[in-house]
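Below is one structure, written out as structure tokens, with a few remarks after it.
The values are calculated or read from the model by the stated rules, or taken from the named source; none is laboratory data. Treat the numbers as computed from the prediction; the structure is a model and nothing was measured. As a convention, Cβ positions derive from the backbone with ideal geometry for all residues, glycine included, and neighbour counts pool all protein chains shown.
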Amino acid sequence: MVKLADNKISTQCDVLIIGGGPAGSCAAIELAQSGVHVVLLERAVFPRNQVGESLIPHFWKFADALGVSEKIQQQGFIAKAGGITLWNDRVRQISFAKYGYQRPGLHVERDIFDDLLLTHAQDCGAQVFCQVVVKKVDFSDPDFPVVYYFDKRNDENYQSSIHCQYLIDASGHNTFLANSFKTRRLINPKLNFLSLWGYFKNSRYVGVDRKSHAAHEITLIKPVTFVTSYRSGWLWHIILRGKTSVGLIIPAEQFRSVEPEQRERYFKHACEEIPSIARLLSSAKFIEGSLQFRPNYSYYCENICGENYYCIGDAAAFADPIFSHGIQNAFYNAAVSCMAIKASLKHKKNRLRYSQLCETRMQQFYGFSRALALGDYGVHGVNRDLVKTMIKTLSPIEIELIRVASEMTNRSDNFRQLACEAGVWNDDFSSYEDDDFLAL
Ligand SMILES: Cc1cc2nc3c(=O)[nH]c(=O)nc-3n(C[C@H](O)[C@H](O)[C@H](O)COP(=O)(O)OP(=O)(O)OC[C@H]3O[C@@H](n4cnc5c(N)ncnc54)[C@H](O)[C@@H]3O)c2cc1C
């Protein structure tokens, strides 16, 4: 568990990080391991709740580089074999092993997973302070930005500041810097989604054999993440240890008339209305008080990197989580921003150039992720040329995997168009060997 630091926060450091979610923790680990003096300020007490429990196996290569894979394995999170979608009555399945992944995806309780990463950051030498809320940043001296914070560890609500050379904003959907720069853009309202999610005890789960199983069979039959379309949105079903996460994603427009006190009824009604979900939950019990709501969450930010700051993870962008890219983005952004910061600490005169390179990389990745997630809605706010360049660098098996993933839903249009324009679309791609068997 994250150790609660009771010492004073230094008045200066090399890199100050706002937020201790996966993006902030991974950046702190990388920098601390390289001997950089890094201070991380997190407003919550860890472990704290977070949504986003499905991890695709791509994250392992970053976890290996950060030296945290063994700790993740020892935690005993549920290993998943892939995903199954039931989209407009059509069944589709992906198995990670078929695409060369030696290690599984995971279903993680995010309070535990995020706490593990932040504790690892502390173990690596990062100075982590929870219950400290960043309030303002002053960039008037570009060499030493000043970060103002409220230290809430004691009742006094002590106010102070810290000077740093570089600032990483990993404040998640709070988008701390983009809000102060006014560079946060909401995606066109027609493409904007919201989510309602909650937890059930004793749900059955969907196995890799496309059948439904009682929770105690999890060691015998590997689970998959199950996703089903629902009206103009979709719903996830993710089995965890001791509970199951179920979440509804719907276009924000369709939810406008639902009052806050009607949310739980709306959510439960949707779960009952979808036959596959209703059957999985037939003897499950809703955990009272577990319903949560995230409105208007599809956004992106401009100017996410500058000569002395970097916005990473959800602090830079977020779109519909259909392909579970959130954690992967957080790990990737942490890696590239730290590369740029470490180079800048060595060769300060080049720091603007490094930040521009980093911005290009991150916008490319977010653009790709957004184009894929909002596949049937066009590529709003996406730099097509950047994304095409990235697609060209992917190996044939990765392209095949993304194509298949995009066809699991009806969101393949953008990917097909961009891949065709990039000259990597191949009509000979093997297609699904599918029967529509699903016994839930
Ligand atoms: C409905 C939904 C479902 C999702 N499902 C998945 C999924 O299945 N798989 C997946 O990979 N991703 C999923 N995601 C996305 C995933 O949860 C995020 O991408 C991930 O949490 C991003 O990590 P982060 O570190 O950027 O932000 P966060 O995890 O949000 O961490 C940010 C931290 O910053 C702290 N903070 C904020 N402001 C301040 C401040 N002013 N001062 C100090 N600290 C501050 C917060 O307390 C928080 O701990 C989902 C997201 C949503 C909304």
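Observations on the structure shown:
- Residue check, Pro145 within 30 Å of Leu240 (Cα to Cα) and in contact with a strand residue (DSSP E or B) (Cβ under 7 Å, 6 or more places away or on another chain): no
- The numbered conditions (1) buried (at least 22 other Cβ atoms within 10 Å of the Cβ); (2) outside any strand (DSSP E or B); (3) touching a Leu at 6+ places or on another chain (Cβ under 9 Å); (4) assigned by TED's automatic domain parsing to the domain that holds Ala170 are all true for Ile277 except (4).
- A count restricted to region 61-81 and to residues that are more than 22 Å from Gly242 (Cβ to Cβ) and either at pLDDT below 95 or assigned to a helix (DSSP H, G or I) (or both) stands at 7.
- Single match in Leu106, Leu118 (criterion: part of a helix (DSSP H, G or I), within 12 Å of the ligand (Cβ to nearest atom) and of a type in the set (A, V, I, L, M, F, W, C)): Leu118
- Residue match in region 349-366 (condition: small (Gly, Ala, Ser) and within 16 Å of the ligand (Cβ to nearest atom)): no
- In region 340-363, the residue that is farthest from the chain's Cα centre (by Cα) out of those that are surrounded by fewer than 21 Cβ atoms within 10 Å (Cβ to Cβ) and more than 15 Å from Gln165 (Cα to Cα) is Arg353.
- Against the numbered list (1) within 11 Å of the ligand (Cβ to nearest atom); (2) in contact (Cβ under 8 Å) with a residue 60 or more places away in the chain, Gln165 comes up short only at (1).
- Residue in region 68-87 that is crowded, with 18+ Cβ neighbours inside 10 Å and out of contact with any strand residue (DSSP E or B) (no Cβ under 9 Å at 6 or more places or on another chain) present: yes
- Residue match in region 248-257 (condition: within 13 Å of the ligand (Cβ to nearest atom), more than 18 Å from the chain's Cα centre (by Cα), of a type in the set (A, V, I, L, M) and under 30 Å from Val132 (Cβ atoms)): no
- Of the set (1) within 17 Å of the chain's Cα centre (by Cα); (2) outside any helix (DSSP H, G or I); (3) at pLDDT 95 or above; (4) polar (S, T, N, Q), all apply to Ser324 but (3).
- Qualifying residues in region 27-49 (those that are out of contact with any Asp or Glu (no Cβ under 8 Å at 6 or more places or on another chain) and closer than 14 Å to Thr119 by Cβ) - the one surrounded by the fewest Cβ atoms within 10 Å (Cβ to Cβ): Val45
- Within region 323-339, tally of residues that are aliphatic (A, V, I, L, M), touching a residue at least 40 places away in the same chain (Cβ under 8 Å) and surrounded by fewer than 24 Cβ atoms within 10 Å (Cβ to Cβ): 1
- Taken over region 298-322, the criterion of being of a type outside the set (A, V, I, L, M), near the ligand (Cβ under 9 Å from one of its atoms) and on the phi < 0 side of the Ramachandran plot is satisfied by Asp314, Phe318, Asp320, Pro321.
- Residue within region 9-20 that is within 13 Å of the ligand (Cβ to nearest atom), in a loop (DSSP other than H, G, I, E, B), in the same structural domain as Gly326 (by TED's automatic domain parsing) and surrounded by 23 or more Cβ atoms within 10 Å (Cβ to Cβ) present: yes
- Residue tally, condition modelled with pLDDT of 85 or more, closer than 30 Å to Ala215 by Cα and not small (Gly, Ala, Ser), over region 403-437: 4
- Residue under evaluation Tyr332, criteria (1) in a helix (DSSP H, G or I); (2) of a type in the set (Ser, Thr, Tyr); (3) within 14 Å of the ligand (Cβ to nearest atom); (4) touching a strand residue (DSSP E or B) at 6+ places or on another chain (Cβ under 8 Å), criterion not met: (4)
- Residues being surrounded by fewer than 22 Cβ atoms within 10 Å (Cβ to Cβ) and either assigned to a strand (DSSP E or B) or within 15 Å of the chain's Cα centre (by Cα) (or both) - total across region 288-300: 5
- Flag for Asp6 being surrounded by fewer than 21 Cβ atoms within 10 Å (Cβ to Cβ), away from the ligand (no atom under 14 Å from the Cβ) and not assigned by TED's automatic domain parsing to the domain that holds Thr175: yes
- Annotation for region 113-121: no member residue is out of contact with any helix residue (DSSP H, G or I) (no Cβ under 7 Å at 6 or more places or on another chain), among the charged types (D, E, K, R) and more than 22 Å from Pro47 (Cβ to Cβ).
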